[in-house]
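A quick write-up on the structure given underneath.
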């Protein structure tokens, strides 16, 4: 459950922040939409992708989130997936690994003799930890200066920039800051706070305290209702469906039975219900249910 919550946190954050997320890690790509991925599993499902985006540059951007120390086994898995995706899509794939584990790995990415085209881009979130920046953001509240989306993004990622033993306190600190931001109406887009609910459920174990912090984020919305929405990837589904609306339907509607089955199972893996899959792929619900049997 621990890994799943952290993984969902970053997936939801990536969907919500989109290009801001890419820019924050100095990745020189422009995201267009989510990629229609048909690689359901390789070698028993252990290579299932985190997120793949199409970019304006013609490159597929594969974002992976790693919450344990990187080993050669992890790198091999990511690179095997990269090669398989390149073969399937006919497009170059850039793999970006975002590490939330606070201790850097000593594993060499690749030997000098191995081709550089396979090397992933690795970012350790701990490298972006800046307590002074966090204090400056808190001070903005005192002088009633509006917050940007990038600053809100930094606040949400802040608890994952430190040692795991400190994350519960950092979650509380960020929630306190968000509470003040909301009181003074210094940021308008409330949905960008939603990933923080997953962080609260991950690191705050007292149920009463959980609900109190979640209410800070959701204002008048019932805490249980909004939490269930996020845990069921409601926001993620919304982002996925937006990607579909931007041009993926054509690929989904090719009419070939094999591709239809792959697409239905892919969306099911992403957590979409049969009804949502039916609507997204414009398929009869009975057909979808039959594939999922």
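Confirm whether residue 65 is under 15 Å from residue 122 (Cα atoms) and either touching a strand residue (DSSP E or B) at 6+ places or on another chain (Cβ under 6 Å) or modelled with pLDDT under 85 (or both). Reasoning before the result, please.
Working: under 15 Å from residue 122 (Cα atoms): yes; either touching a strand residue (DSSP E or B) at 6+ places or on another chain (Cβ under 6 Å) or modelled with pLDDT under 85 (or both): yes.
Answer is yes for this residue.
Just to confirm my filter: which helices (runs of 4 or more DSSP H) fall fully inside the stretch 181-293 and include at least 3 residues that are more than 28 Å from residue 144 (Cα to Cα), modelled with pLDDT of 80 or more and under 19 Å from the mean Cα position of the chain (by Cα)? Walk me through how you get there before you give the answer.
Values: elements: 195-203, 207-218, 223-231, 234-243, 249-252, 257-269, 274-281, 285-292.
Filter on the stretch 181-293 gives 195-203.
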Item checked: Scope the stretch 90-119; condition over 28 Å from residue 165 (Cβ atoms), outside any strand (DSSP E or B) and modelled with pLDDT of 85 or more; matching residues -> 90, 91, 92
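The values are calculated or read from the model by the stated rules, or taken from the named source; none is laboratory data. Source: prediction; values computed, not measured. Glycine also receives a Cβ, built like all others from the backbone with ideal geometry; neighbour counts cover every protein chain displayed.
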